[in-house]
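In what follows, a single structure is set out as structure tokens and then discussed.
The values are calculated or read from the model by the stated rules, or taken from the named source; none is laboratory data. Worth saying up front: this structure is predicted, and the values here are computed from it rather than measured. Counting neighbours? That spans all protein chains shown, and the Cβs are built from the backbone with ideal geometry, glycine included.
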Amino acid sequence: MVLLNIENVNYQLNKTPILQNINFKVSAGKSIALLGTNGAGKTTLLRLLLGLIQPNSGMIHLLGKPLTQWPRQVIAQNIAYVPQQHIPHFPFTARQIVEQGCLPKTGFFNSIGQQQQQYIEQVMQQMAITHLQSRTYNTLSGGERQRTLIARALVQQTPIILLDEPTNGLDYGSQIRLLLLLKTIAHEGKSIITITHSPEHTFLFADHVLAMKQGKIIASGSPQHIITPDLITELYNTQVDDINIGQARFFIPKKQY
């Protein structure tokens, strides 16, 4: 089932092209990686998918209907977003942050029902943050904050989750555990779109990769097929050799003399 359909999307800012001729579809239960350098247009693309900004041309369809025709609340009931950073204006606890995922369904003035509370408990256990629920969010480590924000997105119970560089600032072990978790979440039926700068990471969680450069998709396909030394050179202007281990692939910079 196609949840999102992006057709010939272009976006300009002050007459400067940011995204050009973007085309792809998001199906249920698939994990998509947006790979590319800073300034490639990846975060702008997520903002378009959230309906925060509008394309200059082209169409984005959510569940077969133009995104612009859906009310904001309905978009929030279908698309959750995990930002790079979240700085609350109030000293919320980790549990209160997670409970915010209920807002698109309950609104600001309705209480959270018993069934929703039970689901929150289940998600916090899944994310291994139950022991953090009384801690103030701002006192958590980077990995704990990311797990809390992902828990909030899961509590939102949307079919689509967008993540903007979720491994940014995490240690190596936390990065691996988070990426494997994303793969598990996708296999449970969610559609995941994740921004990453690391080609190696795509082998851990992505079914499909969109490689972006200067606002264009220059390669699209499974990581096993498109993540090659030639693509790394084109994206990052860096010569590399690759090492294949099982289904994964690692890249080593070539010596430059």
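If the condition is being of a type in the set (A, V, I, L, M) and either surrounded by fewer than 16 Cβ atoms within 10 Å (Cβ to Cβ) or within 12 Å of Leu162 (Cβ to Cβ) (or both), then region 4-32 contributes Leu4, Leu13, Val26, Ala28, Ile32. Every condition in (1) closer than 20 Å to Leu34 by Cα; (2) in contact with a strand residue (DSSP E or B) (Cβ under 8 Å, 6 or more places away or on another chain) holds for Leu154 except the one numbered (1). With a requirement of 3 or more residues that are crowded, with 22+ Cβ neighbours inside 10 Å and not acidic (Asp, Glu), the helices (runs of 4 or more DSSP H) lying completely within region 182-257 that satisfy it span 199-205.
Checked against (1) of a type in the set (S, T, N, Q); (2) farther than 24 Å from Val155 by Cβ; (3) surrounded by 16 or more Cβ atoms within 10 Å (Cβ to Cβ), Gln96 passes all but condition (2). Pairs meeting the criteria (first residue in region 154-168 and touching a residue at least 12 places away in the same chain (Cβ under 8 Å) and over 17 Å from Val123 (Cα atoms), second residue part of a loop (DSSP other than H, G, I, E, B) and aliphatic (A, V, I, L, M), beta carbons under 8 Å, at least 6 apart or on different chains) are Leu162/Leu50. Is there a residue in region 127-145 that is within 16 Å of the chain's Cα centre (by Cα), in a helix (DSSP H, G or I) and of a type outside the set (Asp, Glu)? Among the residues of region 127-145, at least one is within 16 Å of the chain's Cα centre (by Cα), in a helix (DSSP H, G or I) and of a type outside the set (Asp, Glu), which makes the answer yes.
Among the listed residues Leu46, Leu103, identify the single one that is out of contact with any Cys (no Cβ under 9 Å at 6 or more places or on another chain), within 16 Å of Glu165 (Cβ to Cβ) and either in a strand (DSSP E or B) or among the aliphatic types (A, V, I, L, M) (or both). On inspection, the qualifying residue turns out to be Leu46. Looking across region 161-173, the residues that are buried (at least 21 other Cβ atoms within 10 Å of the Cβ) and outside any loop (DSSP other than H, G, I, E, B) come down to Ile161, Leu162, Leu163.
Quick one: is Leu231 over 20 Å from Ile120 (Cβ atoms), of a type in the set (A, V, I, L, M, F, W, C) and in contact with a Leu (Cβ under 8 Å, 6 or more places away or on another chain)?
On the way: over 20 Å from Ile120 (Cβ atoms): yes; of a type in the set (A, V, I, L, M, F, W, C): yes; in contact with a Leu (Cβ under 8 Å, 6 or more places away or on another chain): no.
Here the answer is no, as Leu231 does not meet what is asked.
What number of residues within region 1-35 are of a type in the set (Ser, Thr, Tyr) and within 19 Å of Thr194 (Cα to Cα)?
To start, the set of residues in region 1-35 that are of a type in the set (Ser, Thr, Tyr) comprises 11, 16, 27, 31.
The next check asks that each one be within 19 Å of Thr194 (Cα to Cα); those that pass are 27, 31.
Here the count works out to 2.
Scanning region 113-145 for residues that are in contact (Cβ under 8 Å) with a residue 24 or more places away in the chain and among the hydroxyl-bearing types (Ser, Thr, Tyr) yields Tyr119, Ser134, Thr136, Tyr137.
Considering each of Ile18, Ile6, Ile53 in turn, give the residue that is at pLDDT 95 or above and within 24 Å of Pro223 (Cβ to Cβ). Explain how you work it out, then say what you get.
Working: Ile18 fails: within 24 Å of Pro223 (Cβ to Cβ); Ile53 fails: within 24 Å of Pro223 (Cβ to Cβ).
Being at pLDDT 95 or above and within 24 Å of Pro223 (Cβ to Cβ) holds for just one of Ile18, Ile6, Ile53, which is Ile6.
Ile150 fulfils the conditions (1) over 15 Å from Ser174 (Cα atoms); (2) assigned to a helix (DSSP H, G or I) except for a single criterion, (1). For region 37-48, state whether one or more residues are buried (at least 17 other Cβ atoms within 10 Å of the Cβ) and in contact with a His (Cβ under 7 Å, 6 or more places away or on another chain). Among the residues of region 37-48, not one is buried (at least 17 other Cβ atoms within 10 Å of the Cβ) and in contact with a His (Cβ under 7 Å, 6 or more places away or on another chain), which makes the answer no. Look at (1) in contact with a strand residue (DSSP E or B) (Cβ under 9 Å, 6 or more places away or on another chain); (2) within 27 Å of Leu180 (Cα to Cα) and you find that Gln54 fails only one, number (2).
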